[in-house]
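Visitor: Got a structure for you, written out below as structure tokens; questions coming shortly.
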Amino acid sequence: ASHDLWGGRYAEGPSAIMREINASIGFDRKMWRQDISGSLAHAAMLKHVGIISAEDEASIRQGLADIAEEIDSGRFVFSDALEDIHMNIEARLTERIGEAGKRLHTARSRNDQVALDVRLWTRDAIDGLDRQIADVMRALVARAAEHAGTVMPGFTHLQPAQPTTFGHHLLAYVEMLSRDRGRLADCRKRLNESPLGSAALCGTGFPIDRHMTAAALGFDGPMRNSLDAVASRDFAAEFLFACAMCVTHLSRLAEEVVIWTNPYFGFVKLSDAFTTGSSIMPQKRNPDAAELVRGKTGRVFGALVGMLTVLKGLALTYGKDMQEDKEGIFDSAETLALCLAATGGMIRDMQPQPERMQVAAGAGFSTATDLADWLVRELKFPFRDAHHVTGRLVAMAEAAGVDLAGLSLAQMQQVEPRISQGVFDVLTVDASVRSRTSFGGTAPANVARMAAEWQEKLG
Ligand code: ARG
């Protein structure tokens, strides 16, 4: 025949180029376990409702187990001519068990089959990523607990703003990553409905039991509309967004690691294990892992935009365009997994430099807000007026080449005569961080409590 699977209607085979553009086996072979799980559930159901015999189901089950073994051990021969993982496995099954293999595709199409496989693959990926994110969170929390009281500069606009602590800073990322887990969990919940049994697009006249296959595959139930089931990939776009958001958080942290390790900052040293040298400059110690985490965001964003673009003009139901969903999903899941592993490693290994951070925290008049707050508290200034007076004191200190605490009381009193000696108590970075006890604030006691809470939650 001109073609093993649809030779009935065809006189000639496809051109080489047709084969090349059509084949997805080069990447969708990753879904072989999912494809076999789906076929096992489908065959068990076909037997249960009396569409195939018990003997056929038994030999399908044995045949698929043998094929799993072949693939796992690298002996399976994948064929481009058979396009994709679904047809590769089905063809091999028939080769191995004959007639019964040809009955497996009853009441099923590759359209519901592929929708099923991608959902199952994505669900597994979500479970793996969730564990990895939790692991990075644990690493951050451990460092945060050590450094709950390590003062560092807090920035806005990357300019000195107010003193904070290194622990508080790290816990900010823990919160972000926790929301990333939440997004993946939401995505998992929404994708956890089975498309299997929707067949090509309209369902089937065979008395199949979609609830049975859905339950067997760990879904909450079957999808309610067969057209939607084969046409929709919003779960894929949602997954890619969750990946894109998470890798964005890792990228922001990576950018900070790059800044912190710059010797002008010197807040953190990375281990040998997570830096590289230069082939020409012997002194070099480059934060490549962090740079790559930052750099790899691009491909994940690309996959998200790619997926949305594939879907936006696609009339219902299935279009071959949708074959383009998989590489982006696979690559994004694997890229995020690698970025999480690298981030966890860097965080565990890094050596914070508290003395450097402490000195930097006091630079740039970072306790100016504390001074303004003092005027409000002690002299009952309206905050706007306090801001103005403090601004004049900053200008005075800057002109004198000192920090705020370097002004004498007499100098301060030239700007505001009611200022008293007590003001100097609020001008140190330690007093500043200690004072910020509002819920979610930077005070070391707060940070230590939050770190303990996270430790408890993450186990
Ligand atoms: N390889 C295809 C994909 O990834 C499987 C579905 C093909 N369906 C079809 N009617 N040609 O989407």
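Visitor: Would you mind checking the tilt of helix 383-400 against the longest principal axis of the Cα atoms of the chain, expressed as 0 to 90 degrees and rounded to 10?
Guide: With both axes taken from Cα atoms, the answer is about 70 degrees.
Visitor: While we're on this one: Full extension from Arg449 to Asp220: what is 0.36 nm times the residue separation minus their Cα-Cα distance, to one decimal in nm?
Guide: 78.6 nm
Visitor: Looking at the square roots a ≥ b ≥ c of the eigenvalues of the Cα gyration tensor of the chain, which shape do they give, rounded for a/c under 1.5, prolate if a/b is larger than b/c, or oblate?
Guide: Note, shape of the chain comes out prolate.
Visitor: Which of the residue pairs Lys296/Lys326; Lys269/Lys457; Lys47/Lys102 have a Cα-Cα distance greater than 20 Å in the structure shown?
Guide: Lys269/Lys457
Visitor: Within a 10 angstrom radius of the beta carbon, how do Arg75, Arg449 rank from fewest other beta carbons to most?
Guide: Listed from fewest to most nearby Cβ atoms, that is Arg75, Arg449.
Visitor: Can you work out ³J(HN,Hα) from phi for every residue in the range 403-414, in order, using Karplus 6.51 cos²θ - 1.76 cosθ + 1.60 and θ = phi - 60°, giving whole Hz and x for Gly and Pro?
Guide: With the stated coefficients, the range 403-414 comes to 8, 4, 5, x, 6, 7, 4, 4, 4, 4, 5, 5 Hz.
Visitor: Give me Ser79, Ser232, Ser278, Ser39 ranked fewest to most by other Cβ atoms within 10 Å of their Cβ, as a rough exposure proxy.
Guide: With the sparsest Cβ surroundings first, the list reads Ser278, Ser79, Ser232, Ser39.
Visitor: A further question on this structure: Calculated from DSSP H runs of 4 or more alone, at -39500 (n - 2.57) each and per residue, what is the 222 nm mean residue ellipticity of the chain, nearest 500?
Guide: -20000 deg cm²/dmol
Visitor: Run through the range 367-459 and list the chymotrypsin sites (Phe, Trp or Tyr not before Pro) located in a DSSP loop whose Cβ has at most 15 other Cβ atoms within 10 Å.
Guide: Listed in order of number, the matching sites are Phe439.
Visitor: Separate question: Rounded, prolate or oblate: pick one for the range 251-364, where a ≥ b ≥ c are the square roots of the eigenvalues of its C-alpha gyration tensor, a/c under 1.5 means rounded, and failing that, prolate if a/b is larger than b/c, else oblate.
Guide: Since a/c reaches 1.5 and a/b is larger than b/c, the shape of the range 251-364 is classed as prolate.
Visitor: Here is a further query. Once the principal axes of the Cα atoms of the range 18-108 are found, what is the range along each, listed largest first in whole angstroms?
Guide: Extents along the principal axes: 39, 27, 21 Å.
Visitor: Just to confirm the number: angle between the C-alpha axis of helix 166-191 and the first principal axis of the chain, 0 to 90 degrees, nearest 10?
Guide: Helix 166-191 sits at roughly 20 degrees to that axis.
Visitor: Got a sec? How would Ile25, Ile208, Ile85 order by Cβ neighbour count within 10 Å, fewest to most?
Guide: Going from sparsest to densest Cβ surroundings: Ile25, Ile208, Ile85.
Visitor: Additional query: How would you rank 348-356, 236-244, 135-143, highest first, on the average number of other Cβ atoms within 10 Å across their residues?
Guide: Result, highest mean Cβ count within 10 Å first: 236-244, 135-143, 348-356.
Visitor: Another question, if that's okay. Among the aspartates and glutamates, which have Cα under 20 Å from the Cα of Lys284 when same-chain residues fewer than 8 positions away are ignored?
Guide: Within the straight-line limit of under 20 Å, Lys284 reaches these aspartates and glutamates: Glu255, Glu256, Asp272, Asp349.
Visitor: To continue, here is another question. Distance between Cα centroids, the range 68-90 to the range 112-137: provide it in whole Å.
Guide: Answer, in whole Å: 22.
Visitor: Within the range 334-360, what residues put their amide N at less than 16 Å from the label point 7 Å along the Cα-to-Cβ vector of Tyr264?
Guide: So the set is 360.
Visitor: Find, among the chymotrypsin sites (Phe, Trp or Tyr not before Pro) in the range 264-350, those assigned to loop by DSSP (not H, G, I, E, B) with at most 15 other beta-carbon atoms within 10 angstrom.
Guide: Here the chymotrypsin sites (Phe, Trp or Tyr not before Pro) that fit, given the DSSP loop and packing criteria, are Tyr264.
Visitor: Find, among the trypsin sites (Lys or Arg not before Pro) in the range 180-275, those assigned to loop by DSSP (not H, G, I, E, B) with at most 15 other beta-carbon atoms within 10 angstrom.
Guide: Hits after loop and neighbour filter: Arg224.
Visitor: Taking a ≥ b ≥ c as the square roots of the Cα gyration tensor eigenvalues, with a/c under 1.5 meaning rounded and otherwise prolate when a/b beats b/c, else oblate, which class fits the range 337-418?
Guide: Prolate, because a/c is 1.5 or more and a/b exceeds b/c.
Laboratory data are not the source of any read-out in this text; all were calculated from the coordinates shown. Keep in mind that what you see is a predicted model, and the values were worked out from it rather than measured. Heads up, the Cβs are rebuilt from the backbone with ideal geometry, glycines too, and the neighbour counts pull from every protein chain shown.
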